[in-house]
Amino acid sequence: MNPFNHIKQVKAGLLDVGYVEAGPADGEAVLLLHGWPYDIYSYKESSEILAGKGYRVLIPYLRGFGSTRFLSDSTARNGQQSALAVDMIAFLDALKIKSAIVGGFDWGARTADIMAALWPQRVKGLVSVSGYLIGSQAGNKAPLSPQAELAWWYQYYFATDRGLEGYKANTAEFNKLIWKTASPTWNFSEQIYNQSAAAFNNPDHVQIVIDNYRWRLGITKGEAKYDQLEAKLAAAPSIAVPSVTLEGDANGAPHPDPAAYAIRFKGKYAHHNITGGVGHNLPQEAPKAFVKAILEVAEWTK
């Protein structure tokens, strides 16, 4: 049975979360978090390998993606970083999972980093593509070099009403462009892209994406209930759980230099550069390398 053909749902916190579960129910839990503009299929091959090794693999749709829905129409469609992390703690709670190995890339890596930094008792080990991605509104006020700012073009586009309307009108075409620029050597097929693009049809998708990037620039304030968490994150908290960071050699998306974030990891730690033209969607482009990192962290937790 292909677990991706049987999306499960669980009420967790503010959401009814859609997710895939693979592997034995009594296996060690591995939580895998996707980014934007991607979805659970980034982990299809990785999950098959991990399930075959006896792990219980859980791959949820983030808020605004796939079959995940808000339980209330009145809940703010908030994309700020701490809200996504709270969602995933609630997801673990709903499934009665005390702790898990957590892996992610893009938004998923940031969410995993936050979980490991603020709730280390829930994260046995961490695999984070592009490393330490925790940020703050204050930190984002500082301008970057012109070349670095160019790579963030979509963030500034989303800050405008034109960008909101443009993304709403051209979501699938827009996201395919991001796939191509973020992974310039990845020759994905139309079938592969369309398989994931279905997740962007979520009724809250556009609002969550726009809010995520506007929050980063301080255009939206976020919700007061997350202020204490954001204050902790603004201090760039260290991560003490066993951690592996990964970077592809052909990542065309904005990403930090591994040397700049190694100091943030205070526990057992390793960084691996993955070669062979691997772009931003590393778990899907290099699933064996991603699985190897999960297994490396798992070994350290024994």
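The numbers here are math on the coordinates, done by the rules we state, and not lab data. These figures come from a predicted structure and were not determined experimentally. Note that we place each Cβ from the backbone using ideal geometry, even for glycine, and neighbour counts take in every protein chain shown.
Among residues of region 189-206 being surrounded by fewer than 18 Cβ atoms within 10 Å (Cβ to Cβ) and of a type in the set (A, V, I, L, M, F, W, C), the one that is nearest to residue 249 (Cα to Cα) is 192. Summed over region 157-180, residues that are in a helix (DSSP H, G or I) and touching a helix residue (DSSP H, G or I) at 6+ places or on another chain (Cβ under 8 Å) total 14. Pairs are defined by a Cβ separation below 7 Å, a sequence spacing of at least 6 or placement on different chains, a first member in region 72-99 that is farther than 24 Å from residue 218 by Cβ, and a second member that is part of a loop (DSSP other than H, G, I, E, B) and not small (Gly, Ala, Ser); the pairs so defined are 89/119. Of the residues making up region 83-129, those that are in a helix (DSSP H, G or I), of a type outside the set (Val, Ile, Thr) and more than 15 Å from residue 232 (Cα to Cα) number 14. Filtered by the rule that a residue be assigned to a loop (DSSP other than H, G, I, E, B), in contact with a Lys or Arg (Cβ under 9 Å, 6 or more places away or on another chain) and of a type outside the set (D, E, K, R), region 13-28 gives 14, 23, 24, 25, 27.
Can you find a residue that is in a helix (DSSP H, G or I) and crowded, with 24+ Cβ neighbours inside 10 Å anywhere in region 48-58? Yes, because at least one residue in region 48-58 is in a helix (DSSP H, G or I) and crowded, with 24+ Cβ neighbours inside 10 Å.
I'd like the full set of residues that are touching a helix residue (DSSP H, G or I) at 6+ places or on another chain (Cβ under 7 Å) and either surrounded by 19 or more Cβ atoms within 10 Å (Cβ to Cβ) or among the aliphatic types (A, V, I, L, M) (or both), limited to region 1-12. Reasoning before the result, please.
Looking only at region 1-12, we keep the residues that are touching a helix residue (DSSP H, G or I) at 6+ places or on another chain (Cβ under 7 Å), and these are 4, 10-12.
Matches in region 1-12: 10, 12.
Apart from one condition, residue 297 fits all of (1) surrounded by fewer than 21 Cβ atoms within 10 Å (Cβ to Cβ); (2) out of contact with any helix residue (DSSP H, G or I) (no Cβ under 9 Å at 6 or more places or on another chain); (3) part of a helix (DSSP H, G or I); the exception is (1).
Report the residue count in region 134-147 for those that are of a type outside the set (Val, Ile, Thr) and either buried (at least 24 other Cβ atoms within 10 Å of the Cβ) or without any contact (Cβ under 8 Å) to a residue 60 or more places away in the chain (or both).
In the first step, residues of region 134-147 are kept if they are of a type outside the set (Val, Ile, Thr); the result is 135-147.
Going one step further and asking which of them are either buried (at least 24 other Cβ atoms within 10 Å of the Cβ) or without any contact (Cβ under 8 Å) to a residue 60 or more places away in the chain (or both), we end up with 142-147.
Summing the residues that are of a type outside the set (Val, Ile, Thr) and either buried (at least 24 other Cβ atoms within 10 Å of the Cβ) or without any contact (Cβ under 8 Å) to a residue 60 or more places away in the chain (or both) in region 134-147 gives 6.
Residue-by-condition table, conditions (1) within 19 Å of residue 200 (Cα to Cα); (2) of a type in the set (S, T, N, Q); (3) surrounded by fewer than 22 Cβ atoms within 10 Å (Cβ to Cβ):
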site: 60; (1), (2), (3): yes, no, no
site: 75; (1), (2), (3): no, yes, yes
site: 84; (1), (2), (3): yes, no, no
site: 87; (1), (2), (3): yes, no, yes
site: 90; (1), (2), (3): no, no, yes
site: 101; (1), (2), (3): no, no, no
site: 104; (1), (2), (3): yes, no, no
site: 112; (1), (2), (3): no, no, no
site: 122; (1), (2), (3): no, no, yes
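The set of residues in region 23-47 that are farther than 15 Å from residue 199 by Cβ and either surrounded by fewer than 24 Cβ atoms within 10 Å (Cβ to Cβ) or touching a Gly at 6+ places or on another chain (Cβ under 8 Å) (or both) comprises 23, 24, 25, 26, 27, 28, 29, 30, 31, 45, 47. The residues on offer are 240, 224, and the sole one that is within 26 Å of residue 125 (Cβ to Cβ) and either over 19 Å from the mean Cα position of the chain (by Cα) or among the aromatic types (Phe, Trp, Tyr) (or both) is 240.
For the condition of a type in the set (A, V, I, L, M, F, W, C), out of contact with any Leu (no Cβ under 8 Å at 6 or more places or on another chain) and buried (at least 22 other Cβ atoms within 10 Å of the Cβ), residue 241 does not qualify. Go through region 100-152 and give me each residue that's small (Gly, Ala, Ser) and touching a Ser or Thr at 6+ places or on another chain (Cβ under 8 Å). Scanning region 100-152 gives 103, 104, 109, 112, 116, 117, 125, 128, 130, 131.
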